Amino acid sequence: MPFFARLVSFAAALLACTAAAHAAPVADAATLAAVKACAPARPCAAKLPVRVVVVTMFEIGKDSGDKPGEFQLWKERRNLTETLPFPQGWHDLAYDPQCGVLAIVTGMGSIKSATAALALGLDERLDLSKAYWLVAGIAGIDPEDASVGSAAWARYLIDGDIAHEIDAREIPKDWKSGYFALHSKGPQDPTPLDPVNGEMFELNPALQDWAFALTKDIALPDDPRIAEARAHFTGYPNAQKPPFVLKGDNLAAMTFWHGAKMTQWANDWTKFWTRGKGAFVTSAMEETGTFQSIEYLTKVGRADRDRVLVLRAGSNFTMPPPGVDAATYLLSENQGYAGMTAALESLYTVGGKVVDEIVTHWDRFGPAPPK
């Protein structure tokens with residue numbers, strides 16, 4: 001994003017925090033000082049009110065001034081001036097006392113994301129009882145549905161790790177895959193199963209609809225590098241479009257998989273666990289772990305599972321373009337995702353719009369989520 005556009009984005013965020021509804025800070029100086037005097041993971045009489053938790057999964061180097069990961073744009077462009085030590089998690093927390101926005105870096109993978117989210121929710125320094133959670137991260141994206149740089153709001157979160165598996169060299173001839181649902185009778189078994197082990201979660205559909213309606217017409221950043229990458233996806237019209245905002249479900253798995261056959265598996269897996277209601281669009285690692293912890297926190301009043309949003313932006317395609325083999329394409333992407341910069345900008349642009357709307361109109365969205 002050009003410098004002037006970054007400056008405008010930064011100024012817009014500050015204006016949202018200094019609007020009439022936020023003439024006074026969410027956390028005053030005395031409260032902030034009392035909280036900062038408390039030790040992490042210990043009792044704390046004072047609490048910082050949190051209106052939005054921005055959940056990111058990784059940072060590449062420093063928190064500002066170098067090549068950005070998922071956290072850096074939020075840190076640099078918003079008023080996240082206060083650092084809270086968080087040794088019970090992957091990375092220290094960053095807080096904006098004016099708006100009540102908190103950012104966390106969970107670490108990569110469902111284990112780190114689940115434990116970090118749970119540790120955050122149980123932290124005595126924070127009041128997250130009415131907080132909205134915005135998971136904002138990069139992802140693989142299905143070329144059937146969208147282009148690199150596009151941002152998808154999820155309704156269903158599907159776990160790709162809990163399963164039976166047979167090595168590909170031993171798959172029976174009539175099986176589509178060697179990977180199938182736990183307790184099913186094989187990949188061809190259509191018998192519906194209930195996701196009792198966390199195989200699937202459904203987010204608040206009204207909140208997803210609201211976020212999508214708010215952001216669907218936003219113009220997302222484009223650049224020559226991702227334009228060149230998408231041009232090779234002949235026969236995939238959605239992959240050849242400039243980045244756009246859409247609805248689409250997320251499959252989380254600890255294995256970084258790739259290829260046309262795996263993409264077909266992801267589509268089938270999503271349809272199976274959502275009973276045909278969901279549509280796979282993005283692949284990542286963390287969502288089901290994060291949301292499982294929020295489900296537990298909701299039971300004890302430390303979070304609200306109906307205030308969770310998941311936004312993933314495509315940094316790479318989940319399969320190669322026609323004429324390129326999966327191994328070659330995957331290894332080339334590992335040298336640096338073609339859509340990383342565009343995806344990070346899309347996450348901040350789209351997610352930031354929702355954050356600003358929530359904190360600016362807290363009188364409306366604090367009592368209850370949008371319907």
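Before moving on, here are some points about what is shown:
- One residue stands out among those in region 313-336 that are surrounded by fewer than 23 Cβ atoms within 10 Å (Cβ to Cβ) and touching a Ser or Thr at 6+ places or on another chain (Cβ under 8 Å): the one that is nearest to ILE60 (Cα to Cα), which is PRO320.
- Scoring LYS271 on the criteria (1) of a type in the set (Lys, Arg); (2) without any contact (Cβ under 8 Å) to a residue 60 or more places away in the chain; (3) exposed (fewer than 15 other Cβ atoms within 10 Å of the Cβ) leaves a single failure, condition (3).
- Residue in region 340-360 that is out of contact with any Cys (no Cβ under 8 Å at 6 or more places or on another chain), over 28 Å from GLU76 (Cα atoms) and among the aliphatic types (A, V, I, L, M) present: no
- Selection within region 128-149 - in a strand (DSSP E or B) and either surrounded by fewer than 24 Cβ atoms within 10 Å (Cβ to Cβ) or out of contact with any Leu (no Cβ under 6 Å at 6 or more places or on another chain) (or both): TYR132, TRP133, VAL135, GLY137, ILE138, ALA139, GLY140, ILE141
- Test result for ALA154, closer than 19 Å to GLY351 by Cβ, within 21 Å of the chain's Cα centre (by Cα) and surrounded by 16 or more Cβ atoms within 10 Å (Cβ to Cβ): yes
- Per the conditions (1) within 22 Å of SER177 (Cβ to Cβ); (2) among the aliphatic types (A, V, I, L, M); (3) within 17 Å of the chain's Cα centre (by Cα); (4) crowded, with 21+ Cβ neighbours inside 10 Å, the sole criterion not satisfied by ALA279 is (4).
- Subset of region 193-226 that is part of a helix (DSSP H, G or I), among the aliphatic types (A, V, I, L, M) and touching a residue at least 60 places away in the same chain (Cβ under 8 Å) - its residue that is surrounded by the fewest Cβ atoms within 10 Å (Cβ to Cβ): ALA206
- Within region 101-110, one or more residues are part of a helix (DSSP H, G or I) and crowded, with 19+ Cβ neighbours inside 10 Å.
- Residue within region 152-164 that is closer than 26 Å to GLU333 by Cβ, assigned to a loop (DSSP other than H, G, I, E, B), among the aromatic types (Phe, Trp, Tyr) and modelled with pLDDT of 95 or more present: no
- Residue in region 247-265 that is surrounded by 20 or more Cβ atoms within 10 Å (Cβ to Cβ) and of a type in the set (S, T, N, Q) present: yes
- Residue list for region 26-62, filter: among the acidic types (Asp, Glu) and farther than 20 Å from ALA117 by Cβ: ASP28
- Failed item in (1) touching a Pro at 6+ places or on another chain (Cβ under 9 Å); (2) surrounded by 17 or more Cβ atoms within 10 Å (Cβ to Cβ), with PHE244 passing the rest: (1)
- Residue check, PHE233 crowded, with 20+ Cβ neighbours inside 10 Å, not in a loop (DSSP other than H, G, I, E, B) and not aliphatic (A, V, I, L, M): no
- Flag for ALA114 being aliphatic (A, V, I, L, M) and in contact with a strand residue (DSSP E or B) (Cβ under 9 Å, 6 or more places away or on another chain): no
- Each residue in region 109-127 was checked for being among the aliphatic types (A, V, I, L, M), over 16 Å from THR288 (Cβ atoms) and touching a Leu at 6+ places or on another chain (Cβ under 9 Å), and 3 pass.
- Hits in region 62-100 (condition: assigned to a strand (DSSP E or B) and not aliphatic (A, V, I, L, M)): GLU82, THR83, TYR95, ASP96
- If you check GLY61, GLY65, GLY89, GLY107 for being more than 14 Å from the chain's Cα centre (by Cα) and at positive phi, only one passes: GLY65.
The values are calculated or read from the model by the stated rules, or taken from the named source; none is laboratory data. Model, not experiment: these values are computed from the prediction. Because the Cβ atoms are built from the backbone with ideal geometry, glycine has one as well, and the counts that use them run over all protein chains shown.
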